[in-house]
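> If you scroll down you'll find the structure; I have some questions about it.
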Amino acid sequence: MKYRLVEFLLVLMPGLVSAQSNTYTISFVNAVHHEASISATFTDIASDTLSIRMSRTSPGRYALHEFAKNVYGFTATDSGGDTLEVIRPDPYQWQVAGHDGTVKINYTLFANRGDGTYSQVDETHAHLNIPATFMYVPELQDRPVEVTFAVREDLNWKIATQLPRVSGTTYSAPDLDYFMDSPVEISDFGLREFEVESQGKKFTIQLALHHPGSEEELDEYFEKVKKVVLAERAVFGEFPEFDFGRYTFLACYMPNSSGDGMEHRNSTVLSSTLNLSDGGMDRNIGTVSHEFFHSWNVERIRPESLKPFSYTETNMSGELWFAEGFTSYYTGLILCRAGLQSPETYVKDLAGTFNYVWNSPGRKFFNPIEMSYQAPFVDAATSVDPVNTENTFISYYSYGSVLGLALDLSLRLLDLSLDGFMKRMWEKYGRKEVAYNLKDLQATLAEYAGDDFGAAFFNNYIYRSNMPDYETLFKSVGLVLKKDDQIPYFGAAINGNQEGELIIASNPHIGSPAYKAGLDKGDVIKAFNGIPVNQGQYYSQLFSPFKVGDTLEVRFKRYGKEGTTALLLEGNPDYVIEFREAGGETPAEEELARREAWLKPD
């Protein structure tokens, strides 16, 4: 989104320009019970009936969310304080009539999930995602917004947000879109910052960290954040022009939080239950890498399908394999380039995502574009009926990540790189904030690497579900792709249930031994070849008496009745990715040179 920031900056300068604002106040007197008290005033209303809504979506998320369910105690008055009648035409809307041009509302919000979508209020913090917190008026969405946070001074609360401060605890936004895209962390956080320069301008990068750890831990973690920030700038050659001269990481690593990351235009939410002394020092930094890369890819290199952002329904996008997937590819690569992960570990860790995509039956049903279309059903979406995603869905994060890997290695065979392609996308679309579509992606790749290359990549791997020749691509950078297919493969997850039995916990993969044997999710496994099994056995122990090619008689229980079936054990389809040197081979000099250029910044 591009905002009317020049006009807004003038509005912030007293005496130059006046503008009617929608004003909000939020307080946290009953924080111990997760409640926030919110009031808002809307003036100069032209319509007879004012429609006030809670959003059903949140910037950066692709599914619907029913934020209205946590609102209660709603009242509306006019400028004189007289109570106005409120009509509820649907679950997301409050209609107010009979006003005198001004409507003042009050309501209570229950908020108890601290992540990148919802809000959480307790006596440790007020973690606010705006769509989950504040009502809005569609007909007034172009007006500036002013919000005052009545912080709990008794709890030493401070405010961190990308919103510019007007005075005291009052902040502003140029319009509804910017307001909705501006999360807020109010707590006794620690703050670190450093200055960067790009295109002759200086910007401040801030880390506001709410955590139970020490100042020394914060200092150590901030050094890691700085390395990530600088390594990602190396990909694009410059920083975005951050509004108001700063970018803020809003990190909440608390036991009452939920693990998540969510990008915004000039900030990002980072939430985790892992504090820095409990594994978070290393395990949380990957989210930093992913979300900050979105400052370029998604926030400014933005698909047309995500503009304008809708607060009443989902924006369906076919470009998420690129927007989210390529960002996911860079997530780990940046940690390697920044020296926060060894090349050996990075390469080894590629196998998890690779195997998930390579072995998924989902490619039979949807290509990467169509997988992107599934986002409204999976991106923190909720449903109560069972689904068959094990067989029909591949995360566009993962799918796009392994395609980004293949594209990068393919380009390097032409003495090009994915870095170069991303820079081209930045120069054509991101820096100017011009939205792109699928045809633009293909055209830009063709400009960068040639028409034949661009057509082949899109026709084979984007418009179709073919897989690149990874064995050759890995060899080109001195890696080997291998598997041990003598390990028995079952084809579904097996977990213990409350009765201490072993239960099939996922839909068997189409074509797997479990699937062919007619086993299903929920079946209780009683014995293999007459040998009883129990919850205390590890997965590998279950099959250690057997080998690939053995036919097992499986005794199982379904719907309270026991039955038997024959299951032919097949070899594990998973691959291992490693340096060729690990197997005693010596890569060619050109392979080592490509590897060096790939895993280290240009």
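The values are calculated or read from the model by the stated rules, or taken from the named source; none is laboratory data. Keep in mind that this is a model prediction, so the values were computed, not measured. Note that each Cβ is placed from the backbone with ideal geometry, even for glycine, and that neighbours are counted across all protein chains shown. Heads up: the accessible areas ignore ligands, DNA and RNA and are worked out on the full protein's heavy atoms, side chains in. Shrake-Rupley method; radii C 1.70, N 1.55, O 1.52, S 1.80 Å.
> Would you mention how many residues in the stretch 224-252 are buried (at least 18 other Cβ atoms within 10 Å of the Cβ), hydrophobic (A, V, I, L, M, F, W, C) and within 23 Å of TYR429 (Cβ to Cβ)?
6
> Going by what's in this entry, would TYR356 be described as crowded, with 19+ Cβ neighbours inside 10 Å and either at pLDDT 95 or above or assigned to a helix (DSSP H, G or I) (or both)? Show your work before the answer.
Details: crowded, with 19+ Cβ neighbours inside 10 Å: no; either at pLDDT 95 or above or assigned to a helix (DSSP H, G or I) (or both): yes.
Answer is no for this residue.
> Applying the selection to the stretch 116-134, what residues are in a loop (DSSP other than H, G, I, E, B), buried (at least 24 other Cβ atoms within 10 Å of the Cβ) and not β-branched (Val, Ile, Thr)?
GLY116, SER119, ASN129, PHE134
> So which residues in the stretch 395-404 are aliphatic (A, V, I, L, M) and surrounded by fewer than 24 Cβ atoms within 10 Å (Cβ to Cβ)? Walk me through how you get there before you give the answer.
Step one: of the stretch 395-404, the residues aliphatic (A, V, I, L, M) are 402-403.
Residue satisfying the conditions is LEU403 alone.
> Within the stretch 197-214, can you find the residues that are open to solvent by less than 40 Å² (accessible area, probe 1.4 Å), in a loop (DSSP other than H, G, I, E, B) and touching an Asp or Glu at 6+ places or on another chain (Cβ under 7 Å)?
Those that are open to solvent by less than 40 Å² (accessible area, probe 1.4 Å), in a loop (DSSP other than H, G, I, E, B) and touching an Asp or Glu at 6+ places or on another chain (Cβ under 7 Å): none in the stretch 197-214.
> Oh, and also: Any chance you could count how many residues in the stretch 561-602 are over 29 Å from the mean Cα position of the chain (by Cα), acidic (Asp, Glu) and surrounded by fewer than 16 Cβ atoms within 10 Å (Cβ to Cβ)? Break it down into steps so the answer makes sense when it comes.
Step one: filter the stretch 561-602 for residues over 29 Å from the mean Cα position of the chain (by Cα), giving 561-572, 579-594, 596.
Among the residues that remain, those that are also acidic (Asp, Glu) are: 562, 570, 581, 585, 589-591, 596.
Applying the additional criterion that residues be surrounded by fewer than 16 Cβ atoms within 10 Å (Cβ to Cβ) yields 562, 581, 585, 589-590, 596.
Selection size over the stretch 561-602: 6.
> Quick check, is SER342 in contact with a strand residue (DSSP E or B) (Cβ under 7 Å, 6 or more places away or on another chain) and hydroxyl-bearing (Ser, Thr, Tyr)? Even if it seems obvious, please write down each step before you answer.
Numbers: in contact with a strand residue (DSSP E or B) (Cβ under 7 Å, 6 or more places away or on another chain): no; hydroxyl-bearing (Ser, Thr, Tyr): yes.
So SER342 does not fit the description; no.
> A follow-up question, please. How many residues are assigned to a strand (DSSP E or B) and either open to solvent by 10 Å² or more (accessible area, probe 1.4 Å) or aliphatic (A, V, I, L, M) (or both) if we restrict to the stretch 40-66? Give the steps one after another, and end with the answer.
First pass over the stretch 40-66, keeping only residues assigned to a strand (DSSP E or B): 40-42, 49-53.
Checking which are either open to solvent by 10 Å² or more (accessible area, probe 1.4 Å) or aliphatic (A, V, I, L, M) (or both) leaves us with 40-41, 49-53.
Number satisfying all stated conditions: 7.
> Would you call SER295 open to solvent by less than 10 Å² (accessible area, probe 1.4 Å) and small (Gly, Ala, Ser)?
Taking the combined requirement at face value, the residue satisfies it.
> Within the stretch 474-481, can one find any residue that is closer than 28 Å to ALA593 by Cα, of a type in the set (A, V, I, L, M) and open to solvent by 20 Å² or more (accessible area, probe 1.4 Å)?
Looking only at the stretch 474-481, we keep the residues that are closer than 28 Å to ALA593 by Cα, and these are 474-481.
With the extra rule that they be of a type in the set (A, V, I, L, M), the set shrinks to 477, 479-481.
Filter once more, keeping what is open to solvent by 20 Å² or more (accessible area, probe 1.4 Å): 480-481.
Checking the stretch 474-481: at least one residue is closer than 28 Å to ALA593 by Cα, of a type in the set (A, V, I, L, M) and open to solvent by 20 Å² or more (accessible area, probe 1.4 Å).
> Hey, another quick one. Being open to solvent by less than 30 Å² (accessible area, probe 1.4 Å), touching a Pro at 6+ places or on another chain (Cβ under 9 Å) and either within 30 Å of VAL548 (Cα to Cα) or not acidic (Asp, Glu) (or both) narrows it down to one of PHE490, PHE421, so name that one. Outline the logic, then answer.
Numbers: PHE421 fails: touching a Pro at 6+ places or on another chain (Cβ under 9 Å).
Just one listed residue meets the conditions, PHE490.
> Please verify whether the stretch 532-548 includes one or more residues that are touching an Asp or Glu at 6+ places or on another chain (Cβ under 9 Å) and modelled with pLDDT of 95 or more.
The answer is yes, given that some residue of the stretch 532-548 is touching an Asp or Glu at 6+ places or on another chain (Cβ under 9 Å) and modelled with pLDDT of 95 or more.
> Scan the stretch 189-206 and tell me whether some residue there is of a type in the set (Gly, Ala, Ser) and in contact with a Ser or Thr (Cβ under 6 Å, 6 or more places away or on another chain).
no
> Here's something else I'd like to know. Considering only residues that are of a type outside the set (Gly, Ala, Ser), more than 22 Å from ASN355 (Cβ to Cβ) and part of a loop (DSSP other than H, G, I, E, B), which ones fall in the stretch 547-578?
The initial filter retains those residues of the stretch 547-578 that are of a type outside the set (Gly, Ala, Ser), namely 547-548, 550-559, 561-562, 564-565, 567-570, 572-578.
Retained after the next criterion (residues that are more than 22 Å from ASN355 (Cβ to Cβ)): 550-559, 561-562, 564-565.
Matches in the stretch 547-578: ASP550, TYR559.
> If I filter the stretch 67-115 down to residues being crowded, with 16+ Cβ neighbours inside 10 Å and free of Cβ contacts under 8 Å to residues at least 40 places away in the same chain, which single residue comes out as nearest to the chain's Cα centre (by Cα)?
ALA68
> Only residues in the stretch 476-493 that are free of Cβ contacts under 8 Å to residues at least 24 places away in the same chain count as the first member; pair them with residues that are part of a loop (DSSP other than H, G, I, E, B), Cβ under 7 angstrom, at least 6 apart or cross-chain, and list the lot.
Partner pairs satisfying both residue conditions: ALA493/ALA505; ALA493/SER506.
> Follow-up. Inspect all residues belonging to the stretch 230-249 and state whether any of them is touching a residue at least 60 places away in the same chain (Cβ under 8 Å) and of a type in the set (Lys, Arg).
Yes.
> Give me the residue from the stretch 507-557 that is surrounded by 14 or more Cβ atoms within 10 Å (Cβ to Cβ) and among the charged types (D, E, K, R) and, out of that set, nearest to THR389 (Cα to Cα).
LYS521
> Is it the case that VAL6 is at pLDDT below 95 and either out of contact with any Gly (no Cβ under 9 Å at 6 or more places or on another chain) or open to solvent by less than 40 Å² (accessible area, probe 1.4 Å) (or both)?
Working: at pLDDT below 95: yes; either out of contact with any Gly (no Cβ under 9 Å at 6 or more places or on another chain) or open to solvent by less than 40 Å² (accessible area, probe 1.4 Å) (or both): yes.
In short, yes.
> Here is a further query. For the stretch 433-462, which residues satisfy the criterion of being among the β-branched types (Val, Ile, Thr) and surrounded by 16 or more Cβ atoms within 10 Å (Cβ to Cβ)?
Step one: list which residues in the stretch 433-462 are among the β-branched types (Val, Ile, Thr), which gives 434, 444, 462.
Once the filter is applied, which keeps residues that are among the β-branched types (Val, Ile, Thr) and surrounded by 16 or more Cβ atoms within 10 Å (Cβ to Cβ), the stretch 433-462 yields THR444, ILE462.
> For PRO138, only one of the following conditions fails: (1) crowded, with 24+ Cβ neighbours inside 10 Å; (2) closer than 24 Å to LEU50 by Cβ. What is its number?
Here PRO138 meets the rest and fails (1).
> Output the helices (runs of 4 or more DSSP H) that fall wholly within the stretch 362-459 and possess 2 or more residues being farther than 26 Å from LEU350 by Cβ and without any contact (Cβ under 8 Å) to a residue 40 or more places away in the chain, or say none.
On the way: elements: 368-373, 375-378, 389-392, 396-412, 418-425, 438-449, 451-457.
The helices (runs of 4 or more DSSP H) meeting that bar are 438-449, 451-457.
> Among the listed residues ARG337, ARG300, which satisfies the condition of being open to solvent by less than 20 Å² (accessible area, probe 1.4 Å) and at pLDDT 95 or above?
Numbers: ARG337 fails: open to solvent by less than 20 Å² (accessible area, probe 1.4 Å).
Selected residue: ARG300, the only one of ARG337, ARG300 that is open to solvent by less than 20 Å² (accessible area, probe 1.4 Å) and at pLDDT 95 or above.
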